[in-house]
1. Can you confirm whether residue 20 is out of contact with any Ser or Thr (no Cβ under 8 Å at 6 or more places or on another chain), at pLDDT 90 or above and either under 27 Å from residue 123 (Cβ atoms) or among the acidic types (Asp, Glu) (or both)?
2. Which residue, of 4, 63, 58, is modelled with pLDDT of 85 or more, farther than 24 Å from residue 86 by Cα and surrounded by fewer than 10 Cβ atoms within 10 Å (Cβ to Cβ)?
3. Determine whether residue 106 is buried (at least 17 other Cβ atoms within 10 Å of the Cβ) and either of a type in the set (Asp, Glu) or without any contact (Cβ under 8 Å) to a residue 12 or more places away in the chain (or both).
4. Within segment 72-94, is even one residue in a helix (DSSP H, G or I), within 19 Å of residue 120 (Cβ to Cβ) and modelled with pLDDT of 85 or more?
5. Being in a helix (DSSP H, G or I) and touching a Pro at 6+ places or on another chain (Cβ under 8 Å) is the filter here; which residues of segment 96-135 pass it?
Amino acid sequence: MPSAREINRRIKSVTNTQQITKAMKMVSSVRLRRAQDRAVATAPYTEKMEGMLQRLSAASPDAGNALFTPHDAVKKTCYIIIGSDKGLAGAFNSNVNKAMVSVLKDKPRDASMLLVAGRKPIEYLKHLHLVPEKKWSGFSDKPQFSHAQQIA
């Protein structure tokens with residue numbers, strides 16, 4: 001039977017773990033709220049882009065615009081996969097990896113080009129013995145416009 005001292009140490013250890021977990025939860029909720037605020041802030045931009053594309057497609061559907069011309073001889077498809085650098089994103093990374101595998105499973109390897117952002121999807125591709133054309137990581141905590149420019 002454990003002594004009183006060992007029981008007290010164990011109680012203190014559990015209490016400290018609870019405090020650390022609570023602090024981590026508070027930090028992650030603040031980060032999530034900030035990310036949601038940034039996503040909501042892009043709504044006007046998205047609406048303008050949708051409106052512009054609708055006007056463009058309505059104005060000249062058969063004017064020979066390359067965006068609206070069907071291409072029968074597509075030889076290669078480019079997939080841009082965006083994941084995170086850390087595993088603290090819940091099921092986000094596993095869902096990204098599952099979606100990536102479901103899209104790529106029926107495609108021949110030479111018919112797709114992979115551009116991957118984030119350490120987790122890059123590691124998963126290594127596990128599958130696939131090499132992306134380009135890869136970026138190290139900026140998912142604080143992404144900047146310059147990072148998006150590099151990928152674009």
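1. Details: out of contact with any Ser or Thr (no Cβ under 8 Å at 6 or more places or on another chain): yes; at pLDDT 90 or above: yes; either under 27 Å from residue 123 (Cβ atoms) or among the acidic types (Asp, Glu) (or both): yes.
In short, yes.
2. When all the criteria are applied, what remains is 4.
3. Working: buried (at least 17 other Cβ atoms within 10 Å of the Cβ): no; either of a type in the set (Asp, Glu) or without any contact (Cβ under 8 Å) to a residue 12 or more places away in the chain (or both): yes.
The answer is no for residue 106.
4. Quick first cut of segment 72-94, residues in a helix (DSSP H, G or I) only: 92-94.
In the following step, the residues that additionally are within 19 Å of residue 120 (Cβ to Cβ) were identified as 92-94.
Narrowing the set further to residues that are modelled with pLDDT of 85 or more leaves 94.
The answer is yes, given that some residue of segment 72-94 is in a helix (DSSP H, G or I), within 19 Å of residue 120 (Cβ to Cβ) and modelled with pLDDT of 85 or more.
5. Keep residues of segment 96-135 that are in a helix (DSSP H, G or I), which gives 96-104, 109-111, 119-127.
Selection gives 96, 97, 100, 122, 125.
The values are calculated or read from the model by the stated rules, or taken from the named source; none is laboratory data. Predicted, not measured: the structure shown is a model, and the values here were computed from it. For neighbour counting, all protein chains shown are included, and Cβ atoms are generated from backbone atoms with ideal geometry for every residue, glycine included.
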